[in-house]
Amino acid sequence: MNKWIDVSQLLSNKVACWPGDTPFSYRVSWSKEESGSVNVSEITMSVHTGTHIDAPFHFDSEGKKVKDLDVNLYIGEAKVVHLHNPSSISVEELKKIDLAGVTRLLIKTGAWTNRETFPTSIPPVDLGVAAYLSNQGVRLLGLDLPSVDSLDSKELAAHHELAAHNVHILEGLVLDAIEEGDYELAALPLSLTEADGSPVRAVLRKR
């Protein structure tokens, strides 16, 4: 049986976070020497650190929170495709891909090479992509990028358009060594009842 492949960013004090957001921090807060029996640790982080999902509440105060999302979106058959350093993720590029029967689409752009440093620019998802993906039956879009929008965007047009077409967002994947093809995906968010997003442990297995 094919083994599961981890496609998540490592969560360490070196992981890049969005400029101005809460940096990741880990420490042992209660050591075995202090407790007499166990080490107990704590982490501080933004829910958008590393590999994570966005809930619509992230960009819409009336939008769904993590507790409202269907976990089945984040488990199941997925297709990995490569777009080699595109200037943007466009409908024209996606029309070259056979999306018949695809529910979860994961795109490798190769645009974020050093994940210990936050990128200065990324290829955004163009307007029109959400409608196209929805019409094709895609319900989850995963990228090897920290956002579906340009990093300086305040309108977050792609986020809003994807949500409006019921296409959910998975960001920060590590697809460097992943070939194009059909896979099984598991990328479950935590049960954070009021959260606008959640870190995930994303794994793939070749079908």
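Here are the numbers for the structure shown:
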| item | result |
| --- | --- |
| Alpha carbon Rg of the chain, scaled by the compact-globule rule 2.2 N^0.38 Å | 1.04 |
| Three-way shape label, segment 100-207, alpha-carbon gyration tensor, a/c 1.5 | rounded |
| Value at 222 nm in deg cm²/dmol, rounded to 500, when DSSP H runs of n ≥ 4 in the chain each add -39,500 (n - 2.57) | -2500 deg cm²/dmol |
| Dipole in debye (nearest 20) - segment 79-119, about Cα centre, beta carbon charges: Lys, Arg +1; Asp, Glu -1 | 120 debye |
| Estimated distance in nm for a label pair at Ser134 and Glu92, the labels positioned 7 Å out from Cα along Cα-to-Cβ | 2.4 nm |
| Segment 62-149: trypsin sites (Lys or Arg not before Pro) falling in loop per DSSP and having at most 13 other Cβ within 10 Å | Lys95, Lys96 |
| Charge dipole (debye, nearest 20) of the chain; +1 at Cβ of Lys and Arg, -1 at Cβ of Asp and Glu | 580 debye |
| Cα centroid separation - segment 115-144 against segment 154-200, whole Å | 9 Å |
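Only the coordinates and a few stated rules stand behind these numbers; no lab work does. These figures come from a predicted structure and were not determined experimentally. With ideal geometry, Cβ positions are generated from the backbone for all residues, glycine too; neighbour counts draw on all protein chains shown.
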